Structure formats: structure tokens, C-alpha cells
Amino acid sequence: MKRHPHVNATNQDKTMTSQPETHMGTVEIQTVSNLVCAVVNDDATLLAVSDALRTMLFELRTDSDADTITATAIALPEPLDQPSNALVFTARRGDNSLRLVSATNRGPIHIISITHPPNTPPTAHHEITLTDHLSTDDNPYLAPPQLAISTRSEYLSILLPTSTTARIDIYSLNQPTPCHHWTLPDLSSDAPPTTMRFLDGNGLLVAGANKSFYIFSVEKKTMGEWSTDAGFPVKCVLPDRLEGDDECPTGLAYHSAHPETFIMGFHEYFLAIDLDRPIPCTCETYPPEHLRMTCRQKQTQPQQRRGGARRGAMTPPAGIMTKNNNFTICLRYNGMLFLDYMSETEMVIVQQPWLQVVDSFPDALERKIYGY
């Protein structure tokens, strides 16, 4: 990983701040198949990866003088002698140990406890296998499960897509042994969920395939205040311009410094949403005259819509037109594979431009020219 100069943008000016490049190191893993998933813990001392055959866990030690990273394999218990589709680290409440949560392609979720006493190598042992979230019917799983951990490591959320819908189960991590806490209501009558993210206060943000989203209070096992005000289905009050394409949410970015805002990411753009502001009838775009917006449906008058306003966010009186840049569509990036906050004012976006993908294709063996 390298850090490069970045831009600090304000409303008045833009200043370039230089940062020294810092190469943290490189870890090479020789395997017969591609890596499926990987995760590093918060202090970068543990690395968990999985290919198509098995799951692997490594202890990372950085040599500051030689600028190298030494990776030492840690033996995993028998339940993880198989590939994982999703991996996440979480702190174990009550002591200094960690938990590694592994989602397998067959549905069961394995939780591994990792202890690391001073001056001794870390060890891993199997803690529990979670199966309460598995459906009793024969619906096949269409995509790998998604995992999310609450900000205080109190809850584990599992999104498991099937052929008909996507089920979201919540497990409590407060007890010595994790246990099933709640199954979210079925949202398939609006749209199947595609991604989720925990907010502060144990709120769970769930985004659906049609760009609708809902906030749930996990601790109270109810729908959150914003979603209650907006109503169900929420797509009835969302801006009309969101219906102009077939994009579905692929990720959510959130920072605790701005608890009322979040970013909903897609492959071709992302949405900036403020929960404290009213929902507009149409979306502003950035840049304003981007070429990709010419194919979307025509704009409507920028008047305010019902729902979605809370904690004093009022709808303006009739006849008073105010500019509302809530639900702004940012088209500056495309081919996005990942986006998230690095700090309060910095984001990281990973792109895979389509031209680079096309250039990697081999030359055509035969090309048929139209008209000949």
C-alpha cells in the first residue's frame, strides 16, 4: 500500500497536501487458484485469506529496518479446513482475544477464537458453528453470504441470498456463546436486499436491489425512526431519477463523524444521502452536465417530497422553491469495485475501467464486418 498526495477540498479553494509514500510490505501467497476473500485485523497483525480450496490464517510481523513483512501460518481447526466466501475479524468482549468469522459457501458460519498471549505465538480454536440462519426449504444460494459487525462488536449480521429473496439474521455476540438474536422482516415485496452496513447505535442499514433502503434498530428489534417516517415501501417516496437504470447497490460507506449521512455505491456511480434532509423529487448530478446523464429520464421540478425528514427537517411551504442536493448522483467514477471512508474527510475508491478490461481480452480469431 502506498500513500500519495491528496487534495483537501473546501467551498472556497482546493489545496494540495503532500504525504510521503509508505510501502508497508507485500505478502505473496502461492496457490493453485485465485483468492476468494481476504481480511486484515485493525492493527495489521493477522491476515485471513481463502482460495477455492481452503482458508488460511497468518500472523504478520513487520521489520521496519528491512521494510519487509514476515507471514507465519497459524493452524486452523478442522471446521475451517474448507474455503470461505466471506471473512471478518471482531473483538471478543470481556478479554483481549479476537474472533474470526468465516462464511462458507454451503451456509454455516464458523466462529474461531484467536488468543495471543505475550511472547507466545497466537493460537486458534473452534468456538461455535452458527446454523440458525439456514432456511429449511431447498432454495439454493445464489451468491456468497455477506457479513457485517456492529461498531462495538455486539452483533453479527448475515445476509444470505437465495433463489426467491435474501434473508438477514442477527446474532448477539454479547454472551459468552454467540446466539441468534433476530431475523429481519422479509423485504422481498419491495426488493431483495443486496448489501448492508451497521451504523452507530446498533442501527443496521439495508439497501435493496431497486435502490430502496431501510434502517433497523437491532437492539430494539424494530424498524428505525427514519424508515418508519418514510413508510413502506420506501421506493414510493424516493426520487424519480433513481428508476432510470438497472444498477443495484454494491456497497455502503458510512463514517461516525457524520451519523446522518451515508454513501450508497454502485458500479457506475454513487449516491450521497442525508437522512436529516427532505427527499427531493429528482436528483442533482455531479458533474452537473455529465454525458452519462443524457440517457436518463427527464428531470422533474425540484420540489420537496413527503417523508424522510426527521429531527426538524421541514418541508418548505408551497410556492417556495429551495435547492435540495440530497440524493446527489456522483458520476465522476465508474467501474467501482469498492468504496469506503478512510477518515472523516477522505474516501478510497477502487475502480476497474472497462477499457482496461477490454484491452486484457485476447485478439479475436475471426471478425465479421457488417455488410460483407
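One line per residue, one yes/no per condition, for (1) at pLDDT 90 or above; (2) part of a strand (DSSP E or B); (3) surrounded by fewer than 16 Cβ atoms within 10 Å (Cβ to Cβ):
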{"position": "Leu204", "(1), (2), (3)": "yes, yes, no"}
{"position": "Ile215", "(1), (2), (3)": "yes, yes, no"}
{"position": "Glu219", "(1), (2), (3)": "yes, no, no"}
{"position": "Ser227", "(1), (2), (3)": "yes, no, no"}
{"position": "Phe262", "(1), (2), (3)": "yes, yes, no"}
{"position": "Asp276", "(1), (2), (3)": "yes, no, yes"}
{"position": "Glu289", "(1), (2), (3)": "no, no, yes"}
**Report entry** Members of the range 341-372 that are assigned to a loop (DSSP other than H, G, I, E, B), within 25 Å of Gly265 (Cα to Cα) and modelled with pLDDT under 80
**Finding:** Pro353
Query raised in the report: Do the conditions hold for Pro117, that is, is it in contact with a strand residue (DSSP E or B) (Cβ under 8 Å, 6 or more places away or on another chain) and open to solvent by 20 Å² or more (accessible area, probe 1.4 Å)?
Result: no
Query raised in the report: Name the residues in the range 72-86 that are in a strand (DSSP E or B) and surrounded by fewer than 17 Cβ atoms within 10 Å (Cβ to Cβ), would you?
Result: Thr72, Ala73
Query raised in the report: Which one of these does Ile114 not meet: (1) assigned to a loop (DSSP other than H, G, I, E, B); (2) modelled with pLDDT of 90 or more?
Result: (1)
Query - Long-range neighbours under 9 Å by Cβ, at least six apart or interchain, first residue touching a residue at least 40 places away in the same chain (Cβ under 8 Å) within the range 336-347, second charged (D, E, K, R) - result: Met336/Glu268; Met347/Asp340
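The values are calculated or read from the model by the stated rules, or taken from the named source; none is laboratory data. Keep in mind it's a predicted model, so treat the numbers as computed, not measured. Note that we place each Cβ from the backbone using ideal geometry, even for glycine, and neighbour counts take in every protein chain shown. Ligands, DNA and RNA are stripped out before the accessible areas are found, and what is left, the full protein with its side chains, is counted by its heavy atoms. Shrake-Rupley method; radii C 1.70, N 1.55, O 1.52, S 1.80 Å.
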